[in-house]
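The values are calculated or read from the model by the stated rules, or taken from the named source; none is laboratory data. These figures come from a predicted structure and were not determined experimentally. Here the Cβ is made from the backbone with ideal geometry for all residues, glycine too, and neighbour counts use every protein chain on show. Surface areas here come from the heavy atoms of the whole protein model, side chains and all, with no ligands, DNA or RNA. Shrake-Rupley method; radii C 1.70, N 1.55, O 1.52, S 1.80 Å.
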Amino acid sequence: MRKYCLLSVLLLTFLTFSCKQKGEKPAPQKIVQIETPTDTIVPRTSITFILGQDNEFGENPYYSLANHYYRLDSADKTEFVVDSLTSILEVRDYLENHRPANGLPWGTVNLVSHGNEFIDLSVKVLPKGLRTSAQSLKEAIKAEKLKALDSTVIDSATTIYLHGCAVGNNQELLNALAVAFGGENNQAYVKASKMFEYYGYTSNNRNPKSIRHYFAKVWYAFVKADSVSEEKVILKQLKKRYPTETANWHEAINREYQANPSQAYHIILGVPVIWDDVYETKEERPVFASSEEQQIWLKKQKGFFRLVKESKVPFEYFDVKYFNITLKGANDEIYYSLRAKAKAGVMCLIQPLLAEDEDAAKYFEPFVPDAQDTLFFGFANLSATK
């Protein structure tokens, strides 16, 4: 966690000596006394937003574990934990309307959301809007639905720490978040992990105080959404994608849930691509008589394939479905859309990184990287885009 000092005072006490020559007595010491100021440094207030809920089967208790962690962990707990919001806009409004009691801008702001480095976060930009991606953030900013906070709420000493799996590799998303919260000039310090991250127990009795925050190395294999791929097919793809890697992927492919935080395992993420082709009247909207006609229409949608390319997932792994959608504009005007909704699967093979010390590893203590390590973290950098 980064700490910021609002005031630094350097106090010096001078001791003056005369040069000691042979046979001379040293001159008396002259002590200059300086009063120590009584001012104290006021720490910034920290807050965590848990931006989602675990599924009803509890297969991946990501949010509930994070909720406990940021309330109880001795190093990373924050003064406030909010778990009732579902959008970036609501987070923005909360930060503005519940300003710290000390009158200073916010310190650390944790945003906990499922996400992927390919396109987006699961949390929405607006309460009834799209998932959070660089594109959806830019659109909300342009439409003035998401207005930047001023420097009395957040400033360049505010850390917005995005906790979503490997989203630190998505530079465009980090930059868009910096603009969304702080604008082009008053940008907040936005960071996110380039590694996979999750939370797990270090005790068998699942004591909430034993929850730790883990980083993990991750490898990706693409699969069809909602389908099962054979291990040999996945291994072949991994060897082609990572030809110099010597990792043993067999364990992770065959384990969905960890018995302890040291075990390699996998999860499957859904990567969605949604494209709307909008028409002013219902009559203008195409009606397909066959799947061949759908394919012909889709091939003409350059915007759709641009989004697929940005996802970094080969098109052959996407299943595409088509829907007729009615949309409402900013002034309540009605539009008619033909929507292509595509979804691919990504198998994430996860190897936790534990502390190097033998005793620490025995108790599943996580490896903790330096907070500024660019191998582990990505940072917003708007200056590089100008």
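With an 8 Å Cα cut-off and a minimum separation of 6 or more residues, compute the relative contact order for the range 113-219 in percent. The partial results should precede the final answer.
Numbers: 194 pairs, mean separation 25.7, N = 107.
The value is 24 percent.
At 37 °C and 0.692 mPa s, what whole-number value in µm²/s does Stokes-Einstein give for the translational diffusion of the range 153-311, with Rh from the Kirkwood sum over Cα pairs? Please report the intermediate quantities before stating the final value.
Details: Rh = 20.1 Å.
The estimated diffusion coefficient comes to 163 µm²/s.
Taking the alpha-carbon distance from Lys147 and a cut-off under 15 Å, which aspartates and glutamates remain once sequence neighbours fewer than 8 residues away in the same chain are dropped?
Correct list for Lys147: Glu90, Asp93, Glu96, Glu139, Asp155, Glu184.
Using +1 on the beta carbon of Lys and Arg, -1 on that of Asp and Glu, and nothing else charged, what's the dipole of the range 145-217 about the Cα centre, debye to 20?
Details: 8 positive and 5 negative charges, 95 e Å.
Computed charge dipole of the range 145-217: roughly 460 debye.
222 nm [θ] for the chain, helices only, -39500 (n - 2.57) per DSSP H run of 4+, per residue, to 500? Show your work: numbers first, answer last.
Working: 9 runs with 81 residues, N = 386.
Estimated from H runs of four or more residues: -6000 deg cm²/dmol.
When you have a sec, figure out the Kirkwood radius of the range 216-265 from all distinct Cα pair distances and drop it here in Å to one decimal? Before the final figure, lay out the partial values.
Details: mean 1/r = 0.0838 Å⁻¹.
The answer is 11.9 Å.
Highest mean first, how do 209-217, 249-257 rank when packing is the count of other Cβ atoms within 10 Å averaged over residues? List each step's numbers first, then the result.
Working: 209-217: 19.4, 249-257: 15.3.
Top to bottom by mean Cβ count within 10 Å: 209-217, 249-257.
Counting only DSSP beta bridges with both residues in the range 117-212, what percent are antiparallel, rounded to the nearest 5? Write down the numbers at each step before the final one.
Working: 5 of 9 bridges.
Expressed as a percentage, antiparallel bridges in the range 117-212 total about 55.
Run the 1.4 Å probe and let me know the accessible area of Glu172, rounded to the nearest 10 Å².
90
Would you mind calculating the relative contact order of the chain from Cα pairs under 8 angstrom and at least 6 residues apart, reporting the percent as a whole number? Walk me through the intermediate numbers first.
Details: 726 pairs, mean separation 58.3, N = 386.
Computed over the chain, the figure is 15 percent.
From the Cα gyration tensor of the range 95-226, with a ≥ b ≥ c the square roots of its eigenvalues, which class applies: rounded if a/c is under 1.5, or else prolate if a/b is larger than b/c, or else oblate? Before the final figure, lay out the partial values.
Working: a/c = 2.11, a/b = 1.26, b/c = 1.67.
Because a/c hits 1.5 or more and a/b fails to exceed b/c, the range 95-226 counts as oblate.
Could you list, in their original order, any pairs among Lys77/Lys128; Lys236/Lys300; Lys77/Lys191 whose Cα atoms are separated by more than 21 Å?
On the way: Lys77/Lys128 30 Å; Lys236/Lys300 33 Å; Lys77/Lys191 18 Å.
Distance filter (> 21 Å) returns Lys77/Lys128; Lys236/Lys300.
Could you list, in their original order, any pairs among Lys124/Lys194; Lys138/Lys302; Lys302/Lys343; Lys224/Lys309; Lys282/Lys321 whose Cα atoms are separated by more than 25 Å? Present the calculation step by step, with values, prior to reporting the outcome.
Working: Lys124/Lys194 21 Å; Lys138/Lys302 20 Å; Lys302/Lys343 17 Å; Lys224/Lys309 17 Å; Lys282/Lys321 19 Å.
Result: no pair exceeds 25 Å.
What does the convex hull of the Cα atoms of the range 147-186 come to per residue, in Å³, rounded to a whole number?
Details: hull volume 2.8 nm³, N = 40.
It comes to 70 Å³ per residue, whole-number rounded.
Quick one: putting +1 on the C-beta of Lys and Arg, -1 on the C-beta of Asp and Glu, what dipole do you get for the chain around its Cα centre, in Debye to the nearest 20? The partial results should precede the final answer.
On the way: 46 positive and 47 negative charges, 156 e Å.
In debye, rounded to 20, the chain gives about 760.
Using a 1.4 Å probe and counting only protein heavy atoms, arrange Arg99, Arg92, Arg339 so the residue with the most accessible area comes first.
On the way: Arg99 110, Arg92 25, Arg339 55 Å².
So, going from the largest accessible area down, we get Arg99, Arg339, Arg92.
For Tyr201, what accessible area in Å² do you get when you roll a 1.4 Å probe over the heavy atoms of the protein chains, rounding to the nearest 10?
50
Once Lys and Arg get +1 and Asp and Glu get -1 on their Cβ, which of Asn205, Phe367, Gly52 lies farthest toward the positive end of the dipole of the chain?
Phe367
Using C-alpha positions alone, give me the convex hull volume of the chain per residue in cubic angstrom. Before the final figure, lay out the partial values.
Values: hull volume 91.3 nm³, N = 386.
Looking at the chain, the number lands at 236 Å³ per residue.
Please give the solvent-accessible surface of Ser151 in Å², to the nearest 10, using a probe radius of 1.4 Å with every protein chain present.
Probe radius 1.4 Å; accessible area of Ser151 about 70 Å².
Show me the ranking of peptides 270-281, 341-352 by mean Cβ neighbours inside 10 Å, starting with the highest. Show your work: numbers first, answer last.
Details: 270-281: 16.2, 341-352: 20.7.
Ranking the peptides 270-281, 341-352 by packing returns 341-352, 270-281.
If you look at just the Cα atoms of the range 53-127, how large are its Rg and its Dmax in Å?
13.8, 43
Once you sort the root eigenvalues of the Cα gyration tensor of the range 253-341 as a ≥ b ≥ c, which label holds: rounded (a/c under 1.5), prolate (a/b larger than b/c) or oblate (the other case)? Could the numbers behind the result be given before it?
On the way: a/c = 3.13, a/b = 2.13, b/c = 1.47.
The shape class here is prolate.
How big is the antiparallel share of DSSP beta bridges in the chain, given as a percent to the nearest 5?
Working: 50 of 67 bridges.
Around 75 percent of the beta bridges assigned by DSSP in the chain are antiparallel ones.
Determine the dipole magnitude for the range 68-146: charges of +1 sit on the beta-carbon of Lys and Arg, -1 on that of Asp and Glu, nothing else is charged, the reference point is the Cα centre, and the result goes in debye to the nearest 20. Please report the intermediate quantities before stating the final value.
Numbers: 10 positive and 11 negative charges, 47 e Å.
Dipole about the Cα centre, nearest 20: 220 debye.
Assign one of three labels to the range 184-252, namely rounded, prolate or oblate, based on the Cα gyration tensor with a ≥ b ≥ c the square roots of its eigenvalues; rounded applies when a/c is under 1.5, prolate when it is not and a/b is larger than b/c, and oblate otherwise.
Numbers: a/c = 2.28, a/b = 1.30, b/c = 1.75.
Because a/c hits 1.5 or more and a/b fails to exceed b/c, the range 184-252 counts as oblate.
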